[in-house]
1. Given the options ARG49, ARG80, name the one that is modelled with pLDDT of 95 or more and not polar (S, T, N, Q).
2. Cβ-Cβ distance below 6 Å, separation of 6 or more or different chains: which pairs start in segment 54-82 with a residue that is over 20 Å from MET17 (Cβ atoms) and aliphatic (A, V, I, L, M) and end on one that is open to solvent by less than 20 Å² (accessible area, probe 1.4 Å) and assigned to a strand (DSSP E or B)?
3. Give the number of residues within segment 126-155 that are more than 12 Å from the chain's Cα centre (by Cα) and assigned to a strand (DSSP E or B).
4. Does SER107 satisfy the condition of being hydroxyl-bearing (Ser, Thr, Tyr) and loosely packed, with under 14 Cβ neighbours inside 10 Å?
5. Enumerate the pairs (first residue in segment 104-117 and touching a residue at least 40 places away in the same chain (Cβ under 8 Å); second residue anywhere and within 16 Å of ligand 2 (Cβ to nearest atom)) with beta-carbon separation below 7 Å, excluding pairs fewer than 6 apart on the same chain, so at least 6 apart or on different chains.
6. Return yes or no: is ILE88 of a type in the set (Val, Ile, Thr) and either in contact with a Pro (Cβ under 8 Å, 6 or more places away or on another chain) or more than 16 Å from ligand 1 (Cβ to nearest atom) (or both)?
7. Out of (1) away from ligand 2 (no atom under 16 Å from the Cβ); (2) farther than 28 Å from ARG31 by Cα, the odd one out for CYS149 is which?
Amino acid sequence: MNYGQHPGWIEVISGVMFSGKSEELIRRVRRAIIARRRVQVFKSHLDARYAGLYSVSSHDGTELEATPVDSAAEIFRMIRPGVQLVAIDEAQFLDPDIVSVATVLASRGVRVILAGADTDFRGEPFGSMGDLMAVAELVDKLQAICVVCGDPACRNQRLLDGKPARYDSPTIMVGGRESYEARCRHCHKVPRKDEDQTRLL
Ligand code: ADP
Ligand code: ZN
């Protein structure tokens, strides 16, 4: 894919879980590989989904090899000379340096694709995704399907033991008895302390 005459720009693929971010990232990377571009794929170590740490996998089972990283600086250190495309999955888990890493790579002529959840389970901006969307040339905001009503879904519903997780539960819980559903704004529930008290009246 070409964006302008100069190589080097930033693409963001954002959206909730199940919205097809990994599918879209994999599709773009595969096409670049067919075009014989030099490609490197990374993903945040924090994503243990399917325990497939050395691959980017989508919920429909397609996979791509990826190098797990803990920090944005680690990505920068591992960049090989002459790389033309750098793809990063689960970018919401990376530290804020990811914005400057993406910017420097793009200015050096690298096509940078970042996929990540733009909102956390509370419906609030997640990590540096908002900043990445601001500095990117191209942004896609994908939607899943709300499992409650069938509308387009823009929120991640976190369930703990099958019940909506409260607002003050930690943003990132690795392991545990939690699960996630795609839901629309109206079916998304995040109980807060004051609401709990109202219910008791
Ligand atoms: P993401 O990376 O955004 O989590 P994936 O690319 O891994 O998304 O998975 C997208 C796939 O998930 C869809 O193509 C579909 O097969 C499946 N899927 C499961 N539940 C849903 C849902 N509620 N809405 C849309 N797709 C869903
Ligand atoms: Zn809904």
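The values are calculated or read from the model by the stated rules, or taken from the named source; none is laboratory data. This one's a predicted model, so the numbers in the text were calculated from it and none came from an experiment. Because the Cβ atoms are built from the backbone with ideal geometry, glycine has one as well, and the counts that use them run over all protein chains shown. Note: areas computed on protein heavy atoms with side chains; ligands, DNA, RNA excluded. Shrake-Rupley method; radii C 1.70, N 1.55, O 1.52, S 1.80 Å.
1. Working: ARG49 fails: modelled with pLDDT of 95 or more.
Result: ARG80 is the single residue among ARG49, ARG80 that is modelled with pLDDT of 95 or more and not polar (S, T, N, Q).
2. Close Cβ pairs satisfying both conditions: VAL69/PHE42; ILE75/PHE42; ILE75/VAL69.
3. 7
4. Against the criterion (hydroxyl-bearing (Ser, Thr, Tyr) and loosely packed, with under 14 Cβ neighbours inside 10 Å), SER107 qualifies.
5. If the second residue must be within 16 Å of ligand 2 (Cβ to nearest atom), the pairs left are ALA117/VAL16; ALA117/MET17; ALA117/ASN156.
6. Against the criterion (of a type in the set (Val, Ile, Thr) and either in contact with a Pro (Cβ under 8 Å, 6 or more places away or on another chain) or more than 16 Å from ligand 1 (Cβ to nearest atom) (or both)), ILE88 does not qualify.
7. All conditions pass for CYS149, except number (1).
Here's the yes/no breakdown for (1) in contact with a helix residue (DSSP H, G or I) (Cβ under 7 Å, 6 or more places away or on another chain); (2) open to solvent by less than 50 Å² (accessible area, probe 1.4 Å); (3) at pLDDT 90 or above:
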{"residue": "PRO152", "(1), (2), (3)": "no, no, yes"}
{"residue": "ARG158", "(1), (2), (3)": "no, yes, yes"}
{"residue": "PRO170", "(1), (2), (3)": "no, no, no"}
{"residue": "GLY176", "(1), (2), (3)": "no, no, no"}
{"residue": "ARG185", "(1), (2), (3)": "no, no, yes"}
{"residue": "PRO191", "(1), (2), (3)": "no, yes, yes"}
